[in-house]
Amino acid sequence: MGMREYPMVEPAAFLLYGEAAELIWAQLFKDEDGNPEPFDPDGVEDLAEEFDGACWSISFDGEVETLFPELAKDPLEESFDEGTICYISCDRIPSLFRTAYPDKEALRKEFEEKLAAAGVTMPEDFDWWRYIVKVNGTNFS
């Protein structure tokens, strides 16, 4: 069987990466004593299974960048070369004459609610805007 290529393009997504992934992992995966299990960056499939609308790839080639860099404390701009990626897609898609969300805060709130549905809360000072990204690349599988 040969390798297949699938586009991975999202106009808006919440990236489960870096600090965000570690904070979420610590809340979702605990040992029998209730202590957080060590973060496993290769465990994206396990992480993705916890959220509706989550996508993952262990062979992603493309770009991910903060959607609203002016709102982020530390905007993200990453290139992946057959790397590991995991994100939660947004529920709405813009049309030609209509935006998907009434404002940026509604988009952030949607991701906050998706995390809360899985029992995850982020710290008050968490940089939500850093991890609200656009994804443009290819999944090689």
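Over all distinct alpha-carbon pairs, what is the Kirkwood Rh of segment 39-141 in angstrom? Please report the intermediate quantities before stating the final value.
Working: mean 1/r = 0.0677 Å⁻¹.
One decimal place: 14.8 Å for the Kirkwood radius.
When the accessible area of the chain is split by element with a 1.4 Å probe, what percent falls to carbon and sulfur?
Numbers: 3970 of 8320 Å².
It is 48 percent, rounded to a whole number.
Each label point is 7 Å from the Cα along the Cα-to-Cβ direction; what then is the distance between the points at Ser141 and Ser59, in nm?
1.0 nm
So which aspartates and glutamates pass the test for Lys30, namely a Cα distance under 19 Å, with those fewer than 8 places away in the same chain ruled out?
Glu19, Glu22, Asp40, Asp42, Glu45, Asp46, Glu49, Glu50
Spelling out what I want: for every residue of segment 98-103, take phi, set θ = phi - 60°, compute 6.51 cos²θ - 1.76 cosθ + 1.60 (Karplus), and round to whole Hz; glycine and proline get x.
9, 6, 6, 10, x, 7
Find, among the chymotrypsin sites (Phe, Trp or Tyr not before Pro) in segment 77-135, those assigned to loop by DSSP (not H, G, I, E, B) with at most 12 other beta-carbon atoms within 10 angstrom. The partial results should precede the final answer.
Details: sites: Phe80, Tyr87, Phe97, Phe111, Phe126, Trp128, Trp129, Tyr131; in loops: Phe97, Phe126.
Answer by residue number: Phe97.
In terms of Cα to Cα distance under 20 Å, which lysines are near enough to Lys104, apart from those fewer than 8 places away along the same chain?
Cross-link targets: Lys73, Lys114, Lys134.
How long are the semi-axes of the equivalent ellipsoid of segment 1-92, taking √(5λ) for every eigenvalue λ of the Cα gyration tensor, in whole Å from largest down?
The equivalent ellipsoid of segment 1-92 has semi-axes of 23, 19, 13 Å.
Can you work out the accessible area per residue across the chain, with the rest of the protein chains kept in place, probe 1.4 Å, in square angstrom? All intermediate terms of the calculation are to be shown ahead of the outcome.
Details: 8320 Å² over 141 residues.
Accessible area per residue: 59 Å².
The values are calculated or read from the model by the stated rules, or taken from the named source; none is laboratory data. Since the structure is predicted, the reported quantities are computational estimates derived from the model, not experimental observations. So basically every Cβ, Gly included, is an ideal-geometry build from the backbone, and we count neighbours across all protein chains shown. Protein only, heavy atoms only, side chains kept; ligands, DNA and RNA dropped before computing areas. Shrake-Rupley method; radii C 1.70, N 1.55, O 1.52, S 1.80 Å.
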